[in-house]
1. Does the stretch 312-333 contain any residue that is among the hydrophobic types (A, V, I, L, M, F, W, C), within 14 Å of the ligand (Cβ to nearest atom), at pLDDT 95 or above and part of a loop (DSSP other than H, G, I, E, B)?
2. May I ask you to list pairs of residues, at least six apart or on different chains, whose Cβ atoms are under 8 Å apart, with the first in the stretch 373-394 being at pLDDT 95 or above and within 14 Å of the ligand (Cβ to nearest atom) and the second being outside any strand (DSSP E or B) and among the basic types (Lys, Arg)?
3. Does Leu559 fit the bill of being in contact with a strand residue (DSSP E or B) (Cβ under 8 Å, 6 or more places away or on another chain), surrounded by 19 or more Cβ atoms within 10 Å (Cβ to Cβ) and more than 24 Å from Asp150 (Cα to Cα)?
4. Only strands (runs of 3 or more DSSP E) wholly contained in the stretch 152-267 count here; list those with 1 or more residues that are in contact (Cβ under 8 Å) with a residue 12 or more places away in the chain and of a type in the set (Gly, Ala, Ser).
5. Is there a residue in the stretch 520-527 that is under 17 Å from the mean Cα position of the chain (by Cα) and buried (at least 18 other Cβ atoms within 10 Å of the Cβ)?
6. For the structure I just gave you, tell me whether Gly235 is within 30 Å of Arg551 (Cα to Cα), small (Gly, Ala, Ser), at pLDDT 95 or above and within 16 Å of the ligand (Cβ to nearest atom).
Amino acid sequence: MGVESTTNDIVKMPNNGHKSELKNQKKKKLLLPSTTSGELTRTWKIEDSEDLYRIEGWGKPYFSINAAGHVTVSPKGDRGGSLDLFELVKALKLRNLGLPLLIRFSDILEDRIERLNACFAKAIARYNYPGVYRGVFPVKCNQERHLIEDLVRFGKPHQFGLEAGSKPELMIALALLDTPGAFLICNGYKDRGYIETAMLAQRLGQTPIIVLEQIEEVDLVIAANRQLGIKPIVGVRAKLSTQGMGRWGTSTGDRAKFGLTIPEITEAVKKLEQAELLDSLQLLHFHIGSQISAINVIKDAIQEASRIYVELAMLGADMKYLDVGGGLGVDYDGSQTNFYASKNYNMQNYANDIVAELKDTCAEHQIPVPTLVSESGRAIASHQSVLIFDVLSTSEIPLDPPEPPKEGESPIINYLWETYQSINQENFQEFYHDAAQFKEEAISRFNLGILRLKERAKAERLYWACCKKVLDVTRQQEYVPDELEDLEKIMASIYYINLSVFQSAPDCWAINQLFPIMPIHRLDQEPTERGILADLTCDSDGKIDNFIDLRDVKSVLELHKFSHQEPYYLGMFLNGAYQEIMGNLHNLFGDTNAVHIQLTPKGYQIEHVVKGDTMGEVVKYVQYDSEDMVEKIRQRCEKALEENQITLGESQLLLQTYEQSFMRYTYLNS
Ligand SMILES: *Cc1c(COP(=O)(O)O)cnc(C)c1O
C-alpha cells in the first residue's frame, strides 16, 4: 500500500479550480522521443511498454505485464495468484462470450474492501483512537446485483454497510444488507414513504440512519415518529464552507444542491428538541464531491466537520457517528499528483488525516470520539472491472513515399517537393507553414480550374509527407512549439473499435474523464503507430482522443500496427465505478456481456455470466415488438414474392436472418 508519509509537500490548489487550471498543475507536455526514428533501433522490451502505458502507476498491485507481453491480473493484490488477461479473453471467447466484454474480478473488490478497512484500522491503532471505523458502500456507484451481493459478503467481517441515495437504492439495500450492526445510510431526497420504510427497517434488526438533506425532511421524520412510534437514528448533512475542487467542486458551499446550511442545522436541532427527538440526532455527514485530488481539501473539510460535530454534541445531540462521505480518489494516470485524473495522497494518508483530526478535536472539547463512517464508492469499485474490446479496422493518412514532380505539372507541386526535400532540424517550423500554404494554394487553384484532380492528389500527398517529416523532427525536440502540438493528433491513425463510448465509458464523453487504455497483448513489440479510437456509433463525439500521460494528457495513444489476420485487443481499466449505470443506448448499442471471475487454487472460475442486451431487448426498450416487426417483414416478403421481386430462397434467408437478429448481440461479430 505504498508510502505512509504525511503529504505536506503538496501543491496548494486554488479553491474552486476548474479543469483548465488543474491542467496547469502538471508540467507542460514533453513529447516522448520518437521510437521509430533515425537512431539505432534497439529491441523493444516489456519494460518499455510498462513505462509507456504507465501500468505500474495506475495498476499496482492488480495489473502488470508478463514475459509473453500480455497484461496479467493479480486479483488478490499482493496476496498472490495471477491470470493472463489475454489468455482469459481467448478462453471466454471460446465460451461464446463475444467482445466487447466486461470482466469483473470479485477478488479485487474484496481486496479493495480489505485495504480500506486495514488503512483505518492502522490509523486507529497509530493514533490510539478510542473508536472504530464502519464504512458503507454508496450503491449509486455500481448497483449491479452480483457486485452488491459480493460487497455485502466481503464486508461482513468489517460490518461494512450500504448507502442509498434514492428510493430504489433503498429497496436494494434493505433486501441485500443482512450484516448485523452494519449501517444503512439513507441519503438523497426523501418523501414520507422513504422515511417510514427506513424507520420500519429497524424492526428487522437493521441500522438505518436517516440523513437530513433538506430542512423539510425534519418535519417528515417527526411526523413519521409520531405515527409509527419508532425512534429513528437521524443524521444531518452539512453544507461545509470548505470548497471541493475540480469537476464536483460545487458539491459544497451554501448554494450546493444538498445538505443543510449552518443556520438550517441549528433550526433542525431546535425542531428535534421541541419534538423530544434531539437524542435521535446522532450523525453528522458531509460529502465534498467525488475524486478529490488534493489532500489539503480533505484536511480542511475534516477540520470544519469535526468542529461542527463537537458543537452539535455540546448542543445536546447524542452524537455518535461522523460520516465523511465519498471523494477518496483513484489515480487514473498514476502520476500521484493533484491533477484531476490523479490524487496526491494514498488511502493510508486519507485514513490518518481523518482519524488524527477527530481524535484531536474531540479531546480538546472532551467529547467522546465518533464511530467513523466513510462512503467511498470510486475507490472501492473502480479497479474490479476491465473492459475488453477489439479493433475492427484502421484508417491512416496516406504516406507512400512521394514522387518528384514531372514535366508539365503545376509549379505548386514543385514548391511542395522542394519543401519536402529541405525540411530539417532548423527550419521545420517555417517549412511546415510553407507546406500548409502551398496546400491551400493548390486547393484554390483546383477550385479555379487551374489544377487537375490528379495534380491535387499529388499535392495533398506531398503535403502529408511534409507533415510526417516535420512530425519526426518535432518528436526529437525536447519542447514542441505550441502551433505544432496538434500535428500528432492530425497525423494520428483512427482505430475503429467495437464499442460504444456512450454505453461503456460515458464519462469519457460527458466529462472528459481519463481511463487508462492499452493493448492487452503484443507488449513485447514496439507500438509503432499513434492513434485515436473511434467507436461504433454514428456520432462524431463517439471517440476517445485523450489518454493518460505522465505530464498532462496526450492526444494520441501508441498502438501496434493492426492487421486483419490477427485480433487486436485493447483494455480499458479502472472503469468499475459509475460507467455502467450512466451508459446509454445511443444508436441502440446495449449493455455489453459481463462475466464475474474468481481466482481458484487451480486457475479461475466463472462465477456468473451476465449476457449483454440482444437486439430484441434494445428495440423493446423503445417500445417495439419484435414479433410485430418480423410479421411486417414476412408480409413484405410475400408481396415481393407475388410480384416476382424476390425468390423464395432469398425471402427465406432474409426472414431467417431478421428473426434471429433479435436474439443477437448489438455489437459487431469479430
Ligand atoms: C456519490 C456519493 C458518494 C460516493 O463518492 P465517491 O467519490 O465515488 O467515493 C458518497 N456519498 C454521497 C452522498 C454521494 O453522493
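The values are calculated or read from the model by the stated rules, or taken from the named source; none is laboratory data. None of the values given here were measured: they were computed from a predicted structure. We place every Cβ from the backbone using ideal geometry, glycine too, and count neighbours over all the protein chains shown.
1. Keep residues of the stretch 312-333 that are among the hydrophobic types (A, V, I, L, M, F, W, C), which gives 312-315, 317, 319, 322, 324, 328, 330.
Then keep just the ones that are within 14 Å of the ligand (Cβ to nearest atom); that gives 322, 324, 328, 330.
Now narrow it down to the ones that are at pLDDT 95 or above: 322, 324, 328, 330.
If we keep only those that are part of a loop (DSSP other than H, G, I, E, B) as well, we get 324, 330.
Within the stretch 312-333, one or more residues are among the hydrophobic types (A, V, I, L, M, F, W, C), within 14 Å of the ligand (Cβ to nearest atom), at pLDDT 95 or above and part of a loop (DSSP other than H, G, I, E, B).
2. Val373/Arg134; Gly377/Lys140; Ala379/Arg112; Ile380/Arg112; Ala381/Arg112; His383/Arg112; Gln384/Arg112
3. Numbers: in contact with a strand residue (DSSP E or B) (Cβ under 8 Å, 6 or more places away or on another chain): yes; surrounded by 19 or more Cβ atoms within 10 Å (Cβ to Cβ): yes; more than 24 Å from Asp150 (Cα to Cα): yes.
Taking the combined requirement at face value, the residue satisfies it.
4. On the way: elements: 161-164, 183-186, 207-212, 233-237.
Here the list reads 161-164, 233-237.
5. Just the residues of the stretch 520-527 that are under 17 Å from the mean Cα position of the chain (by Cα), to begin with: none.
Checked the stretch 520-527: no residue is under 17 Å from the mean Cα position of the chain (by Cα) and buried (at least 18 other Cβ atoms within 10 Å of the Cβ).
6. Values: within 30 Å of Arg551 (Cα to Cα): no; small (Gly, Ala, Ser): yes; at pLDDT 95 or above: yes; within 16 Å of the ligand (Cβ to nearest atom): yes.
No: the conditions fail for Gly235.
Residue-wise test of (1) within 24 Å of the chain's Cα centre (by Cα); (2) buried (at least 23 other Cβ atoms within 10 Å of the Cβ); (3) under 21 Å from Glu50 (Cβ atoms).
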residue	(1), (2), (3)
Arg475	no, no, yes
Leu484	no, no, no
Val501	yes, yes, no
Ile532	yes, no, no
Asp541	yes, no, no
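Conditions tested, residue by residue: (1) surrounded by fewer than 23 Cβ atoms within 10 Å (Cβ to Cβ); (2) over 11 Å from Ile292 (Cβ atoms); (3) of a type in the set (Val, Ile, Thr).
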position	(1), (2), (3)
Gly325	no, no, no
Tyr332	no, yes, no
Gln336	yes, yes, no
Phe339	no, yes, no
Gln348	yes, yes, no
Ala356	yes, yes, no
Ala363	yes, yes, no
Ile367	yes, yes, yes
Leu372	yes, yes, no
